[in-house]
């Protein structure tokens, strides 16, 4: 499939109540294979924790591979949507197609994180950045309080810049994989989807905040349902915002990572 044209990939402008519909559709996808969704998420988190434990290279490697892993979950959603079964093999879909472009996304996000930390340090938040980049949380709350005190500008910059980065990355892996959009263009489209849909994004975010509180009450057991729904509803929102007649990365049977020379 040829790279998506910008005019074809413009995000839709949706009503605010659509944010709740994404959660309902995500829950419906989860209920088609609840046990397997929990197993898949457990594998992802345990693997990420294991890799992160490797000194020096662990956490950067997780950041690089995050878009690849997310695509595995999104392919599982697509399979259920098309009436097929959810399979463990779906987790490896991102390693079969568009792998280098997905890793490029992870690399851009990783570099952007370090740049944002640099901006925060320049704004006087050096101690706070040191805590954020540490693999272990300080045992003494006073250390955190001291690091935050007097760093209002650094914190504000961090919130704004990390928020923009999160919005840019939200739909970018799916745009790369399902719509064949180059990485940087995919990030721009993802950010545009947020700016054009403040209403549904607000409803979506606030709904998840309330559900997170409820999920945390009975010994955190509700997160066994809510965490998979985070990803299944992400797929539902992507399909609404970026509809296409053919939402597949390549023709059936083609599992090679092609078109890697495409521009960013």
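Tally up the residues in segment 93-148 that are outside any helix (DSSP H, G or I) and either under 24 Å from residue 49 (Cβ atoms) or without any contact (Cβ under 8 Å) to a residue 24 or more places away in the chain (or both), please. Let's see the steps before the verdict.
In the first step, residues of segment 93-148 are kept if they are outside any helix (DSSP H, G or I); the result is 96-98, 123-125, 134-140.
Adding the requirement that they be either under 24 Å from residue 49 (Cβ atoms) or without any contact (Cβ under 8 Å) to a residue 24 or more places away in the chain (or both) leaves 134-140.
Within segment 93-148, residues that are outside any helix (DSSP H, G or I) and either under 24 Å from residue 49 (Cβ atoms) or without any contact (Cβ under 8 Å) to a residue 24 or more places away in the chain (or both) number 7.
Would you tally the residues in segment 192-216 being touching a residue at least 40 places away in the same chain (Cβ under 8 Å), surrounded by 15 or more Cβ atoms within 10 Å (Cβ to Cβ) and farther than 15 Å from residue 15 by Cβ?
So the count comes out to 3.
Mind telling me which of the residues 154, 164 ends up being in a helix (DSSP H, G or I), more than 30 Å from residue 96 (Cβ to Cβ) and either modelled with pLDDT under 95 or touching a strand residue (DSSP E or B) at 6+ places or on another chain (Cβ under 6 Å) (or both)?
Details: 164 fails: either modelled with pLDDT under 95 or touching a strand residue (DSSP E or B) at 6+ places or on another chain (Cβ under 6 Å) (or both).
Just a single option satisfies the conditions, and that option is 154.
Here is a list: 184, 176. Which entry is assigned to a helix (DSSP H, G or I), surrounded by 16 or more Cβ atoms within 10 Å (Cβ to Cβ) and under 17 Å from the mean Cα position of the chain (by Cα)? Don't jump to the end; show me each part of the working.
On the way: 184 fails: surrounded by 16 or more Cβ atoms within 10 Å (Cβ to Cβ).
Only one candidate qualifies: 176.
The values are calculated or read from the model by the stated rules, or taken from the named source; none is laboratory data. Here the structure is a predicted model, which means the values were calculated and not measured. Positions of Cβ are generated from backbone atoms using ideal geometry, with glycine treated the same way; all protein chains shown enter the neighbour counts.
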